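No value in this document is a laboratory result; all are computed from the given coordinates. Quantities reported herein were computed from a predicted structural model and do not represent experimental measurements. No Cβ is skipped: glycine too gets one built from the backbone with ideal geometry, and neighbour counts run over all protein chains shown.
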Amino acid sequence: MQFKDGQILHSDNVFKAHSVKFVNAVTDSIELLDQPEKLKKVLNELGSLHEQKNIPISGFTMFGNAFIATIQQILDRECSIEIINFFSLFYNEGTNLMVEGYKNVNKSRPSMYNKVKDNSSN
Ligand code: HEM
């Protein structure tokens, strides 16, 4: 996966390995939903690690869109707006906690969840 402002996930193998780490992080986060303080700490630290790897915050929005598109594709006709809203909210809140761990950047970014809600009311 490559960005205009720099190469980040530079090969298919790195991308595939990261996809496994991403899915594991999603699973771990779901398991920590009943321990919000621990979840916050873990995701703040994960965000900090991404800052050290020079991952721009805009990358989370792009990655999130791919995540939601993948869920839609896998669930196909079983996919409802409620499921999409749940995962969008979950991803958005999770990445907000990751972004909290960034220390040296402008943290503002568009909310994916609001975008989904806006689309559903059209
Ligand atoms: C919600 C979104 C994301 C999650 C949950 C996530 C999760 C993770 C995890 C669990 C690791 C391993 C951390 C460790 O070694 O302790 C990692 C590393 C890394 N992530 Fe992410 N990541 C996300 C988004 C991104 C994005 C958007 C990029 C850039 C396109 C990215 C690039 C990297 C890189 C370069 C590493 C270090 C190399 C590696 O371990 O694969 N991540 N990420």
Review point. Which pairs break 18 Å Cα to Cα here: Lys16/Lys38; Lys16/Lys103; Lys41/Lys103?
Key: Lys16/Lys38; Lys16/Lys103
Review point. Using θ = phi - 60° and the Karplus form 6.51 cos²θ - 1.76 cosθ + 1.60, what ³J(HN,Hα) does each residue of the stretch 55-69 get, whole Hz, x for Gly and Pro?
Key: 7, x, 4, 4, x, 5, 5, 4, 4, x, 4, 5, 4, 5, 4
Check your understanding: Glu78 label point, 7 Å along Cα→Cβ, cut-off 20 Å on backbone N: hits in the stretch 13-37?
Key -> 23-24, 26-28, 30-31
Point to revise | Contour excess over end-to-end distance, with Cα ends at Val23 and Asn44 and 0.36 nm allotted per residue | key: 5.8 nm
Point to revise | Given charges at Cβ of Lys, Arg, Asp, Glu: the stretch 37-97 dipole, positive-most of Asn65, Phe86, Gly47 | key: Gly47
